[in-house]
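Values quoted throughout were computed directly from the atomic coordinates according to the rules given, and no laboratory measurement underlies them. What you are looking at is a predicted structure, and each value in this text was computed from that prediction instead of being measured. Here Cβ is always computed from backbone atoms with ideal geometry, including for glycine, and neighbour counts include all displayed protein chains.
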Amino acid sequence: MGNAKKTTRQEIDRYLEPRYLSLDSVLDDIEQEIVFAHGLFGGGGLDLKPCGRAKRKLALAISGGGAGGVYSAGALEAILPRLRERGIAVDILVGTSSGAVNGYGVFVESLGKTNPQLDEDPAMKQPFRSYIASVWSYLDRDGKASRWVVGRRSWLIALVSRGIGAGKRRLALGVFFLLLLLLVNPYLFVFLFLASGLDGTAFLRPGDPGFLAQYALHFSVLGLGALVVLVVLAWFLFREFGGSLFSDMPLLRLLANTGPNGDLTEPRFWPREQTVDRARVLSRELVAEWYARRGALPEFIVTATDISAGRECLFTLVRPETYSRLIEREWMAVQFDSDTDGAKEYREHENALFAQSEDLLKTVVASSAVPGAFPTQRIGIYGASSRRDVSHCFVDGGVLDNSPIHIAIDAGATHVISLEMHPLEQHDPMESDERGKAEYSLFQAALKTFTAVLDRATVEDVRRTAAWNRFLAQHPESLGQAKPPPDKTAKAQSEQAAAAMGRRIVPLYRIAPRETPIGTVEFDGHYSAGKRSVVLRDLLRRGVVDMQGENIWRATTRHAPGAE
């Protein structure tokens, strides 16, 4: 009887070698896996084996990054059709912040619940095959995608991302602040009035009878008027921006319109109640469809930050065995409940948590709710033995954890493709700031800081994963135990196998732009000294084009190029 040829160490080293790959090479890698092979007389080492559909669990881990998320949508446009051509299924979708929006787009497409307008309406068709890329392209058709994200406050996006600028905007702001100063400063108003040379009946001359009384009366009226103006202005600002800079309704409205019964022809200004109702209806339909066909559909995980509990939270639509893995690894995993008996198996776990199926879209909004920029999202959760909701407040998942790579691994992924928004190459510490001597505004500094936090969180997560893979590659005996003795019970053998499965080398592939072409909130374009303009469609196309060359970094044992 012939034996299968054992893989040489050189072949294994080539499989683990850190370098840039083409998409075809990545797909070839995904069809293989590193396993522990027992030696004939004990011991053992690494071996490279085919990884068929039954063994493989491919995860797409999509990080957050605001407007930069459109680059990931472009990469998905190239990746998803190739995966289908090769017969490789996406098993897990994990998304954070704008990555949750992209993951949701892939999830909706897998369920066949997309808006048919992008396929049937000639005026709306886009030159893309994937649904999420078509949506991004359509939103940016007039260079004003921010209307769909923040609605009528899109002028704030322009102010934050581009600054005051020149021309009409600077003149308009100057006139506005001058009028505001005249209204709230009665001293200046009286001085200008007197300095204008108007004497007549407006004011008595000094020394005239009643001069002081008339001056005090005018001053009091102006002061009272200024107080009223300040109170009205404060009320308006508190009403408009008391909770956040932007409203959450435009994004929720957009997501509600992505379903089969939605309308993407324009940013619709539905009343809040109508938007919430439509989002709830679509959420229930999507969850019900997933439970009906869960064996043939990808699992979906949305990350958020639970500021009520002070920890990360995973909103999940995963199979029972995956849910158990997440709970065992001490994640706060909240499964969307089923309106039927579809969630019965999950209730067998004493630590199980649930959310209503109607809150699916709301959790995607919560994952994208940058603190201060968007309102916190209040979502009810409950335990396995109770239907009583306990309301918690959630914000952007990137606050505590912008990279969902380790979440995908804990969910059982055998291979992970990480879609990111920030360059992989390390920056020169002596590089000058792109703004030169210009000062950062309050909003710009806050956004720059938040972006740096997201970037660092992703890098550290990939670094830990690569270090763990490198340790396992150097100590293959850690991947598996010795062959169990024949007198071991089936349960003991099963537990041993499960422990070994928890210590597998997980191939990791990073996809990111070579440079940062657009800022976190620059949905309507990026402008540099009036010479360069990059809009979302440009970044979308770049994501597609980058997948045609060798631009995917194999980070299995080294997290980034040039890293040690």
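When a/c is below 1.5 the answer is rounded, else prolate if a/b is larger than b/c, else oblate, so apply that to the stretch 310-384 with a ≥ b ≥ c taken from the square roots of the Cα gyration tensor eigenvalues.
prolate
Take the Cβ-Cβ distance between residue 13 and residue 230 as r, set R0 to 60 Å, and report the resulting FRET efficiency rounded to the nearest 0.05.
0.25
What is the distance in Å between the Cα centres of the stretch 66-89 and the stretch 99-153?
14
Can you list which of the GluC sites (Glu not before Pro) found in the stretch 269-340 are DSSP loop residues with at most 15 other C-beta atoms within 10 Å?
Passing sites in the stretch 269-340 are 330.
Pop a pseudo-label 7 angstrom from the Cα along the beta-carbon direction at both residue 20 and residue 288 and give the gap in nm to one decimal.
That separation, rounded to one decimal, is 4.9 nm.
Whose amide H sits under 5 Å from the amide H of residue 245, counting only residues 5 or more places off or on another chain, with H placed in the peptide plane?
For residue 245, the qualifying residues are 373, 374.
Within the stretch 3-162, what percent of beta bridges assigned by DSSP are antiparallel, to the nearest 5?
60
Kindly rank 503-513, 389-399, 540-550, 117-127 from highest to lowest mean number of other beta carbons found within 10 Å of each residue.
Ranked from most to least packed, the peptides come out as 503-513, 389-399, 540-550, 117-127.
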